[in-house]
Each structure stands twice: as C-alpha cells, then as structure tokens.
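The values are calculated or read from the model by the stated rules, or taken from the named source; none is laboratory data. Only a predicted model underlies this, so the values are computations on that prediction, with no experimental measurement involved. Ideal geometry is used to build each Cβ from the backbone, glycine not excepted, and the neighbour counts take in all protein chains shown. Quick note on the areas: whole protein, heavy atoms, side chains included, nothing else; ligands and nucleic acids left out. Shrake-Rupley method; radii C 1.70, N 1.55, O 1.52, S 1.80 Å.
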Amino acid sequence: MTTTTVRAVCPHDCPDTCALLVTVEDGVATAVRGDPDHPTTAGVLCTKVSRYTERTYHPDRLLHPLKRVGPKGAGKFVRISWDEAIDTIATRLGGIAATNPQAILPYSYAGTMGLVQGEAMASRFFNRLGASHLERTICAAAGGAGYKYTIGARVGMDTEQFQNAKLILIWGGNPIASNLHLWMRVQEAKRNGAKLIAIDPYRSLTAEKCHQHIALLPGTDAALALGLMHVLIADNLLDHDYIAHHTLGFEQLRERAAEWPPERVAEVCGITAGEVVGLAREYGTSALRGEGVAIRVNYGLQRVHGGGMAVRNITCLPALVGAWRIAAGGVQLSTSDSFPKNKAALERPDLSSNDTPVRTINMSTIGDDLLRDASPEFGPKIAALIVYNSNPVAVAPESGKVMQGFAREDLFTVVLEHFQTDTADYADIVLPATTQLEHVDVHSTYGHLYMMANNAAIAPLGEAKPNTEFFRLLAARMGFDDACFSDSDDAIASNAFDKTHVHAIHFDWNSLKRTGWQKLVVPDAPFANGGFPTLSGKCEFYSAQMLADGFDPLPAYIAPHESVASNPVLGKKYPLAMISPPARNFLNSSFVNVTSLRATEGEPHLDMHPADAAQRQIVSGDTVRIFNERGSFEAKARVTDRARQGLVVGLSIWWKKMAADGKNANEVTSQRLTDMAGGPTFYDVLVEVEKQ
Ligand SMILES: Nc1nc2c(c(=O)[nH]1)N[C@H]1C(S)=C(S)[C@@H](COP(=O)(O)OP(=O)(O)OC[C@H]3O[C@@H](n4cnc5c(=O)[nH]c(N)nc54)[C@H](O)[C@@H]3O)O[C@H]1N2
Ligand SMILES: Nc1nc2c(c(=O)[nH]1)N[C@H]1C(S)=C(S)[C@@H](COP(=O)(O)OP(=O)(O)OC[C@H]3O[C@@H](n4cnc5c(=O)[nH]c(N)nc54)[C@H](O)[C@@H]3O)O[C@H]1N2
Ligand code: SF4
Ligand SMILES: [Mo]
C-alpha cells in the first residue's frame, strides 16, 4: 500500500480557511486532518470538515451528467454523456446569445471560495459571451460597504492577536459555530483574564460562554453603537490625540451622538440604559489603560435594513478610544482586502465588449428577477441560468418566488453540483463537479492573513470535472478561441495574487503548493499610526463619499423594514421577529445531506421564548407553522429563553426536500434590500407562529 499526505485547503464559506492534510492510501482519501503547524488552524478542524471524506465519497455524489425527464422540481433525470451535455448547452446558449446574450445569467456564490474554481474561467466565459453580470450580494455586501466608508477597506485586526486582548466584544457573530479558530484565540484570552461580551438577540452557543450577553432587538445595533459614542464622549473616555491626528469629523459626530442618550438607545434596542452605559465605560476605560479592546463584528447584524450603517457605526468605535494603537485592539469584520487579488488576470473583464453596457442582476432578488418580463428598464427576460457553487432554491430570500422562477418552462437552467440539491431538481442539465480533494485551487481568506494552496489529493470521482474544465469545454464548443480559455488551473493559480503589491511580493505558486500556506507581509497593528485606506487617509466619522452616494454622512440609525416599532400595522398581524442564523453542523445549505451531521441537528427547529409560546399554547416538541404574507414553513418548537421575548429563531439552512413539509426558513424571508450595496435582509422579518 502507498500512503501519501497531500496539502489542501478547506474550500467552504467560512472565515477560518483551514490548512488540511489529506491522507491518501492507494488513491483513496482516507482521512482529513487540520495542519498542526498552520498558526490559525492549529491542528483542529470543525466537525463538518473532519468528515470531509464522508461528503466526498457520499453514495449520492453526482458522478455523471444528467438531463431532466420529469417536470421541473420533480428530480427525474437520466444519464447523458459530457459530449451531449456540452452540445445541448452550447446550442441553447448560442441561440439565446444570437438575440441578446444578456438574457443569460450566471448564478454563483461561495460553495467553494477557491479563486480558480470560483470566478476565474467562469467569469472569462461570461465576459466573453456578454452575459448579464451577477451582483454577488447575498452575504456581506451591506456590512462591507459600511466598513469601507469608514476605514477604507476590509482590513482589520489580525486573528492571531485576539488572545492578547483584555476585552472582546463578539458582536453579531457566533464563532463557536461559524468561526471556530477565532474562538480558540478568544478562549485563550479568557484564560488570560479577558472579559467577553456577546451582543446578539439570541443566546447562541457563544453568547452563553461569554461573561456578559446583551440581548438587543434584531436590527438595532446602529443605535447601540450611537449610544456607546454618546457615553464615551459625555464621560470623556476618548483618545484625543488619536482623534485629532487620524480621524475626520469628530465635531459633527459629537453633535450626532448627543442625540442618542442611553435612555433613548435602551428604548430602541429593548435593553436597559445601564447596559449601554456599562458597556461604554468598560470599553473606554480598558482602551485608555492601554489594554487590547477588540471587536469581532460579524455578518449576523447586517442582514437587516440598516445593516450597512450598523457596521459603519461600530467601525467608528476603535478610533474614538485609540484602540488601534496596539495590535490586540481594533475591529475585524473581514480580512479579505488585505489580499492583493489579481482580478484582472483571473477574470479578464477586458474580454467584455465595450459596445453594450452590461446589465446587472442582484442575486438577492433572483425571485423577482426570474419572474420579470422584458422591458426597457430591465432588459431582456432571463432565458438561461448557469448555476455553480450555490444552491439558490434553498438559500435565496422569498423562496416561493424563487421556486416559481426556477419552475418556468421557458427557462434553460444548468447546475454544476456535487449533489442533487433543491436547485439541481429544477435544472435542465445537471453536471457533476469535483470536490476540493479532486482539483487544484488557490485561496485568499476573510478570517486570517495566509495565502493558501490546495493540491488535488485524488482523481476525480466518476465523470466529475472541475468547474474550470466545464467552462473550457463550453468556450471551445462555442468557438471562443482566446488563449486564456486554454489556461490550466495551475496557470490560473500562478497569477492569482499581484506580485508587485508589497503584501504578496513573495508569492510563488510552485513554492506555495509545496508549503501549503504563507502569510501576507502586513504590519501587526495596521492603523497604529493612522494611515487608513480612505481617500482622506483617516477614519471617517464624517464621510463625504456617503453624502455623494445619497446617505447620511454621519453615523445614524435606520430602523428595520419589519419590526413592531417601525411597522406597527404589520406588527399587529405578525408580532414576532424571526432570524435564521447558521446551524453549527451545516455550512449554509452544504452538509445538510451528510447523515451524521444532519442527525446531530435533528430536524428543523424553532426556538421561542416561554412567554411567546404560552400565549399561543405551544409547548416544546409541538409542530408549529411559521407564517407571514410571503409564505410559511413548519418546524418543531423548542421553548427556551435562549430567544428573547418577541423573537423566534430557526437555525438554518435546511435543504427543503429534507424537511417534512418540503420548505425552509426562506419561505418567509423578504427580498427587500439593505440600506447599502443591495444586500439581503434575511433577519429583518416579522412572522406569526401557530400550533399545527
Ligand atoms: N457552522 C457554520 N459556519 C459558518 C456558516 C454556517 O452556515 N455554518 N456560514 C458561513 C458564512 S456564509 C458566513 S457569512 C460566516 C458568518 O456568519 P454569520 O452569519 O455572521 O453567522 P454567525 O457567526 O452564526 O452569527 C450570526 C449571529 O448573529 C446574530 N444576529 C442575528 N441578527 C442580529 C442582529 O440584528 N444584531 C446582532 N447583534 N446579532 C444578530 C445571530 O443570532 C447569530 O448568533 O460564517 C460562516 N461559517
Ligand atoms: N434564511 C437564511 N438564508 C441565508 C442565510 C441565513 O443566514 N439565513 N445566509 C446567507 C449567506 S451568509 C450565504 S453566504 C448564502 C450561501 O449560499 P450558497 O453560497 O448558495 O451556499 P450553500 O448553500 O452552501 O451552497 C453551495 C453549493 O455549492 C456546491 N459546491 C461546493 N463546491 C463546489 C464546487 O467546487 N463546484 C460546484 N459546481 N459546486 C460546488 C455545494 O455542493 C453547495 O450545494 O446563503 C444565504 N442565505
Ligand atoms: S468549515 Fe471553517 S472551521 Fe471547518 S474546516 Fe473549514 S475553514 Fe475550518
Ligand atoms: Mo455568508
């Protein structure tokens, strides 16, 4: 027997992007471990990916191309050859493109975060074809925009510094479930005497392990941050020197913050004024003592109407108290802009023709957009969808409309997948894709600062092909003969980072493949001496750019679209706020079909407060129906004070076909968008719940 160890990378949409060691015995991957030498992975994987071989060799893996023979959604398919599949697709897309290529739309997200199997060959193809452009908003658009307006880029604290902090705010995130390797550092900080405070409407697995939990109403974080500014200013808990040298607009901010005394904040957030004052004083005094005060702000809090502004307001806090002065202080939303990705080389936007402006479709409104007819404003009706690295029928909001759109008989849909997902059931052609063990890739991350290389550990299973190979074959069949359509995956990877950029000056693909990972060249404390990547070079409390873009230039509060306070009429009918954050054993909708992981989650649950349950004669174990005007789904009630009163929580994202009623939480979520950047508002939802 020959046994080898192959260096790989976890491809999933998770900030941790772990370094993997894959054991291969006679061509079969038998174990996946975390690399003990990689500083953030530290030899530990989450339960999901330690079972990666179970997912890879799953008996339901798609191994051959398929074409649909039953009605859309019924999941009836027969095997065809790759040749027939590529011919059919080229013919259909060619016909549509002859009239208007913008009737063709890619739909993809982060099923793999790899820069090669993500938007490289795929984007080249769609650019060359002249297809509509997909705005990839579904996760992080609003928060990213709010963060960038304030400090210029998605750059922040290094995860490897959190263990040195003395006060850590876990704000709108549940790292035990979704950012395990940050949590390991936070635990180390706790052992060193740090205080941990969770800010979350739900007592998540993480919130219950923190010293303090502030359970505010969903969608009100922007007000809490304004209250903190108010107290910091009123109590003079400020780093005046840092403010003077490295920020813009403090005087205007002072006036704005004055409008937000703790009592007003308490009313809006559904917490006490004491909680606001206490949090501000701890934050300010700890920072002014020169201790590390760290904020891990996550995407949970920006899936609401004012999500962009909420992240912006929070991002102002470290500059007020000079937290950035030391490496263990500041804020981290995402590290992604630290990576100088070579987008032009990967995606080749220059292949687009300059004659027609490209139409943009927001992936968060795919339901409405699939149902829209041609018009001068909208452009052509969407006639073809190529789906890869995503499962929109399960994950996109207002699912009833998404399914109606996917069910259109006149829509031609191709799905590249590992499994027969809810989305694949609606495809005309399903193509088997390779998993991370079967292809090559290179990764940047959004939770640490290492460039990562993934080697192929095993040969593709069945007739599975990498996403890149599908687009190569299709490009060739459609007569696209540009040289870039012949690039190998290694050739694409070798240009992934801009070697002229100081952060990646040492990037060399062949050596990265051997070592597996390499840290970017970045300072430990990125803004110790200011130098923010904004136009002004400062942390912008006042943002002229925001004003130019039609926003309030100062931190503000934007109420949810749907809450009892902001929409009392709707609140009367549907008095409960619903959120559907990630379940620990799933990764979005990935892994729901891995039996051992699904068994741990059990079945779809709805956590509700005892008072809300009693009012509706609901007890734990009852099947309940959660509904509003958009739709309904069923879950098993869990009566618990983990959910604050007025809030229900359905951990997600279930495959619809694995739920008893064939539905999931997205039946009731809405397609209304965030204040900034067109993000979805998954956690800005009112519902009513009744016993079935
Ligand atoms: N196990 C697992 N890991 C994952 C994922 C997964 O599905 N499962 N998903 C991955 C993805 S795609 C992402 S984007 C990342 C980050 O994923 P996030 O979506 O940030 O998820 P969480 O870290 O679970 O944090 C969400 C937390 O925010 C809370 N929350 C909801 N609404 C509000 C609000 O209005 N205010 C505040 N303060 N809190 C609120 C929720 O109760 C929950 O505890 O995680 C990734 N990691
Ligand atoms: N109600 C509710 N809805 C949500 C959220 C929520 O918290 N609540 N979270 C939202 C967020 S943050 C996100 S990021 C989105 C995530 O939505 P998606 O990005 O769609 O994530 P997944 O559901 O994991 O689907 C990814 C699919 O890609 C496939 N895949 C993985 N690797 C490859 C590959 O190499 N090739 C191909 N062809 N396919 C591959 C997987 O098998 C999987 O089916 O969901 C959003 N939807
Ligand atoms: S899902 Fe996240 S924690 Fe789990 S192995 Fe992948 S990167 Fe690591
Ligand atoms: Mo996400």
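Numbers at a glance
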item	result
Region 186-332: relative contact order in percent, alpha carbon pairs under 8 Å with at least 6 residues between	27
Helix-derived mean residue ellipticity, 222 nm - over the chain, DSSP H n ≥ 4, -39500 (n - 2.57), to 500	-8000 deg cm²/dmol
Nearest-20 debye value, region 43-146 charge dipole, Cβ charges on Lys, Arg, Asp, Glu	240
For the chain: accessible area per residue (Å², 1.4 Å)	35
Helix 467-477 axis, angle to the chain major axis (alpha carbon atoms, nearest 10°)	40
Longest exposed-site-free window of the chain, the sites being GluC sites (Glu not before Pro) in a DSSP loop that have at most 15 other C-beta atoms within 10 Å	1-258
Length-normalised contact order of region 568-691 in % [C-alpha pairs under 8 Å, at least 6 apart]	36
All lysines inside 18 Å of residue 499 as judged from Cα atoms, apart from same-chain residues fewer than 8 positions distant	341, 343, 513, 519
Label zone at residue 236, where the point sits 7 Å out along the Cα-to-Cβ direction: region 539-553 residues whose backbone N lies under 13 Å	none
For residue 662, net neighbour charge (Lys/Arg +1, Asp/Glu -1) across residues whose Cβ lies under 11 Å away	-2
Candidate lysines - alpha carbon under 22 Å from residue 381, same-chain residues fewer than 8 apart omitted	72, 401
Residue-count net charge about residue 220 - beta-carbon cut-off 15 Å; Lys, Arg +1, Asp, Glu -1	-4
Distance histogram in 10 Å bins (all Cα pairs of region 3-56, percent per bin)	27, 57, 15, 0
Lys pairs, region 568-691 - Cα-Cα below 19 angstrom, 8 or more residues apart or on other chains	7
Unpaired by the 4.7 Å Cβ criterion, cysteines found in the chain	14, 46, 139, 210, 269, 316, 484, 539
Degrees between helix 221-234 axis and first principal axis of the chain (Cα, 0 to 90, nearest 10)	30
Simple Cβ-charge dipole of the chain, Lys/Arg +1 and Asp/Glu -1, about Cα centre, in debye nearest 20	820
Cα→Cβ-extended label distance, 7 Å offset, between residue 573 and residue 641, nm	3.4
The chain - convex hull of the alpha-carbon atoms, volume per residue in Å³	152
FRET efficiency estimate (nearest 0.05) - Cβ-Cβ, residue 614 to residue 661, R0 25 angstrom	0.50
Selection from 15, 692, 507, by position along the positive dipole direction of the chain (Cβ)	692
Phi-based couplings in Hz for region 651-656 (Karplus 6.51, -1.76, 1.60; Gly and Pro marked x)	4, 9, 10, 6, 5, 4
All lysines inside 20 Å of residue 209 as judged from Cα atoms, apart from same-chain residues fewer than 8 positions distant	166, 190, 195
Region 3-56, accessible surface, carbon-and-sulfur percent (1.4 angstrom probe)	49
Rounded to 10°, Cα long-axis angle of helix 82-99 versus longest principal axis of the chain	70
Value of relative contact order over the chain, rounded to a whole percent, pairs C-alpha under 8 Å and six or more apart	20
Sulfur and carbon atoms: percent of accessible area, region 579-651 [1.4 Å]	45
